[in-house]
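To start, the structure itself, in structure tokens.
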Amino acid sequence: MKARLIDSGNVLKIVDLLRARGREVIAPFCGRGRDSYFDTVTDENRAQVRLHLPNPYYPPKRFVFPHIERLMRVHGKNGAMTIEPACEAPPRAIFGIRSCDVAGLWHLDRFYLGRDYRDVYYERRRKNLFLVNMVCTDPAQDIGNDCFCLCADTGPAAREHFDLQLMDLGDGQFMAVAGTAAGEELFSEPIFRKGTGACVERRRAILAEVRKRFGTTTSWFTATVRYVSQGTILEKTWEEIGNRCLECGGCTYVCPACTCFTVSDRQVGPEEVERVRIWDSCGLSGFTRMAGGFNPRRAVHDRRNRRFFRKLAQYFIQRELAVACVGCGRCAAVCHGDIGMPSIVEMIRRAAPEPPKNEPAQH
Amino acid sequence: MNPPNTENIYLPKLAVLDRVVDDIPEVKTFYWRFEDPAEQAKFKHFRPGQFAQVSLFGVGEFPASLPPSPTEEETFFTIRQVGSCTSALHQLKPRDKFAVRGPYGNGFPMEEYEGRNLTFVAGGIGLIPLRSCIVYALQNRAKYGRIQVFYGAKTPGELMYLTDLRAWEKGGAMECHLTVDRAANGWDGHVGVVGSLFKKSGVDMPVDNTTAFVCGPPVMFRFVIKDLLALGFKENHIMSTLERYMKCGVGKCGHCCIGVAYICVDGPVFTYEQIKKLGEDI
């Protein structure tokens with residue numbers, strides 16, 4: 001991978017370069033308090049793009065998997081009915097996507113483009129997406145109390161799956177690393193200059209230091225993966241977890257690795273129907289309810305069980321090459337019942353699993 | 001496994017309804033074909049046990065078993081009116097249009113059963129997904145051993161595909177044993193749950209070298225499985241086809257995933273051995 005240096009004052013020029021290449025550029029902005037959000041960069045708001053800020057709750061996965069996405073339009077009634085597939089995939093770039101969210105997109109890639117069928121809607125958007133990854137180096141701004149990318153092995157600096165990676169070296173310079181040919185192409189621009197051995201050393205030192213600046217949230221998956229995969233977690237533990245679930249679906253909507261959707265038809269004109277897909281959540285009671293009312297997963301704790309089985313079972317880890325959790329900490333931050341991933345992992349780890357059959361009686 | 005597909009997997013193709021035949025109360029059979037004959041020819045390569053996604057635009061889409069065998073000329077669905085989409089389908093008249101995509105799912109591995117006896121056990125509309133398999137086996141009669149159908153419904157009026165069953169039985173190609181939960185006017189056949197047919201006098205049920213196919217409501221399924229295991233059937237020789245709420249049919253929407261299996265791509269056909277491992281009620 002090639003690396004270059006760029007002055008802090010020139011970093012936003014990368015946004016300009018991408019815009020000049022015909023891309024819609026999405027970048028993070030600050031709202032009120034610690035609130036932040038991704039938005040399209042325009043001439044007006046370009047100066048407000050922030051390099052260091054809390055990662056937005058609303059994950060950038062919506063730029064490849066929108067929360068509501070039109071799949072097709074159907075015109076006409078019986079006489080002459082035509083089905084017209086929707087095809088919206090503007091060339092885009094996400095500037096300042098965090099390493100956890102890069103891992104989230106990679107998870108979506110494996111899911112939507114893997115196995116027997118490829119999801120063309122996802123594929124088109126993904127192919128047209130350029131990723132400028134920003135390494136989290138500022139403990140006060142970039143790293144939140146709920147971040148645990150260290151445990152998920154996705155951050156603070158992504159190792160791959162970005163086009164360009166930026167890291168603040170703290171001395172008025174950023175280091176840029178190209179992950180793809182498209183990223184490397186930008187290095188021909190005069191704002192980039194050759195790096196030195198000292199910069200590489202500085203990058204290493206900063207990363208080593210940042211790893212120590214994370215909060216207290218941890219999520220040590222191994223034991224939990226084992227218990228989930230072996231099915232040895234007691235029903236009682238799931239019930240305790242279920243009791244704390246408010247069934248709001250928030251954890252799934254903020255999750256960069258969640259993929260479920262529902263499909264709905266809506267009338268958009270007298271003789272025109274639109275079919276859309278909408279983010280869905282396995283936490284909601286209607287998720288498995290069939291026509292006629294039979295619901296195989298009626299209890300709330302069964303649905304919690306389902307979510308964490310899907311994310312942590314060994315079978316899926318082997319198929320998808322990682323736990324379906326990127327350590328962004330969003331679920332921990334938004335959950336009112338405090339049953340985000342780190343809490344669940346801890347509750348399961350601490351709860352006694354089903355006792356081995358041949359254990360001698362305790363006195 | 002389905003072949004890799006680069007098409008738009010969510011895009012259904014327009015279909016025309018040819019005729020509608022009443023089966024039992026609330027259940028009708030819809031004969032249809034794709035508007036485009038090329039699509040029809042492509043679709044006809046489905047395997048018994050696969051399913052299709054049926055679209056009623058403005059209402060929605062639902063998964064439906066394919067009751068015809070690929071060896072049959074016509075394509076059709078047999079559908080019970082139960083939710084909004086199936087109700088909309090029931091409103092359609094011949095020449096009306098709707099849309100279909102598929103076939104999806106693994107289907108029954110019919111080659112693996114060659115040389116074996118086939119025992120079909122169905123309850124209620126559970127006969128619909130098994131019909132394809134039965135017809136396929138009868139069309140390839142020489143490849144299979146004895147073929148038996150045990151079929152039960154609540155009342156005589158709710159026994160499906162009766163004309164078909166009678167016709168297939170003629171000439172001794174297969175045996176058909178019927179039962180109802182409650183007898184009504186004129187019913188002189190067996191009364192009782194499906195499992196009670198296995199021990200009825202005059203019924204000789206092979207167990208060795210036999211594959212059983214079970215499909216019906218969950219409660220019937222549980223009891224029949226018990227009976228079959230007691231008779232000596234091996235768990236990997238009991239087949240069933242599962243159903244779940246489904247949106248995409250191609251392993252993406254997540255609704256039908258139980259345990260490690262996506263019913264739409266890993267199923268809907270499973271052995272009882274596999275079903276047991278899924279770890280959830282079916």
Equivalent-ellipsoid semi-axes of chain A, from the Cα gyration tensor, Å, largest first: 36, 31, 17
Cβ-based net charge around A:ALA208, under 13 Å, with every Lys or Arg adding one and every Asp or Glu removing one: +4
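Shielding of A:291-300 by partners, i.e. mean partner chain Cβ atoms within 10 Å per residue?
Whole-number average of other-chain Cβ neighbours for A:291-300 is 4.
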When each of A:LYS311/B:LYS277; B:LYS170/B:LYS199; B:LYS44/B:LYS234; B:LYS42/B:LYS252; B:LYS170/B:LYS226; B:LYS13/B:LYS93 is checked by Cα-Cα distance, pairs over 28 Å: B:LYS44/B:LYS234; B:LYS170/B:LYS226
For the pair A:ASP35 and A:HIS67, how long in nm is the line joining their label points, each one 7 Å along Cα→Cβ? 1.3 nm
Among A:THR218, A:THR154, A:THR232, which one shows the highest mean-square fluctuation when chain A is modelled as a Gaussian network with alpha-carbon springs under 10 Å? A:THR232
Considering only the protein assembly as shown, what is the antiparallel percent among its DSSP beta bridges, to the nearest 5? 65 percent
Write out the trypsin sites (Lys or Arg not before Pro) in region A:37-68 meeting two conditions: DSSP loop, and at most 15 other Cβ atoms within 10 Å of their Cβ. A:ARG50
Beta bridges by DSSP in chain A, antiparallel share as percent, to the nearest 5: 75 percent
Hey, what did chain B get for relative contact order, percent, Cα under 8 Å, at least 6 apart? 18 percent
What is the local net charge at B:ASP208, summed over the other residues whose Cβ is closer than 14 Å to its Cβ (Lys, Arg +1; Asp, Glu -1)? +2
Relative packing of peptides B:124-131, A:315-322, B:264-271, A:4-11 - highest average C-beta neighbours within 10 Å first: B:124-131, B:264-271, A:4-11, A:315-322
At 7 Å along Cα-to-Cβ for each site, give me the label-to-label distance between A:LEU113 and B:THR155 in nm. 5.7 nm
Residue-averaged beta-carbon neighbours from other chains (10 angstrom radius) around B:243-250: 5
Sort the following peptides by mean Cβ neighbour count (other Cβ atoms within 10 Å, averaged over residues), highest first: A:131-137, A:80-86, A:260-266. A:131-137, A:260-266, A:80-86
Sequence-distant aspartates and glutamates (8 or more away, or on other chains) whose Cα lies within less than 19 Å of A:LYS13: A:GLU24, A:ASP39, A:ASP43, A:GLU44, A:ASP163, A:ASP168, A:ASP171, A:GLU184, A:GLU185, A:GLU189
Projected label distance in nm at A:ALA198 and A:ARG21, using a 7 Å step from Cα toward the beta-carbon: 3.0 nm
Would you calculate, for chain A, the mean residue ellipticity at 222 nm contributed by helices, counting each DSSP H stretch of 4 or more residues as -39,500 (n - 2.57) and dividing by all residues, to the nearest 500? -8500 deg cm²/dmol
Output wanted: per-residue J couplings in Hz (rounded whole) for region A:151-160, from phi through Karplus 6.51 cos²θ - 1.76 cosθ + 1.60, θ = phi - 60°, x for Gly and Pro. 6, 8, 6, 10, x, x, 10, 4, 8, 7
With Cα springs under 10 Å, the Gaussian network model of chain B assigns the largest mean-square fluctuation among B:GLN139, B:GLN91, B:GLN81 to B:GLN91
Total charge of the residues flanking B:GLY115 in space, meaning their Cβ is under 14 Å from its Cβ, with Lys and Arg +1 and Asp and Glu -1, is 0
Could the peptides B:192-201, B:165-174 be put in order, highest first, of the mean number of other beta-carbon atoms found within 10 Å of their residues? B:192-201, B:165-174
Pop out the carbon and sulfur fraction of the accessible area of the protein assembly as shown as a percent, whole number, probe 1.4 Å. 51 percent
Can you give me the relative contact order of region B:110-241 as a percent, contacts being Cα pairs under 8 Å and 6 or more apart? 29 percent
Test of understanding: what is the full-extension gain from B:SER87 to B:LYS234, defined as 0.36 nm times their sequence separation minus their Cα-Cα distance? 49.0 nm
Note to self: Kirkwood Rh of chain B, Cα pairs, one decimal, Å, is 19.4 Å
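The values are calculated or read from the model by the stated rules, or taken from the named source; none is laboratory data. Here the structure is a predicted model, which means the values were calculated and not measured. Cβ: placed from backbone, ideal geometry, glycine included. Neighbour counts: every protein chain shown. Protein only, heavy atoms only, side chains kept; ligands, DNA and RNA dropped before computing areas. Shrake-Rupley method; radii C 1.70, N 1.55, O 1.52, S 1.80 Å.
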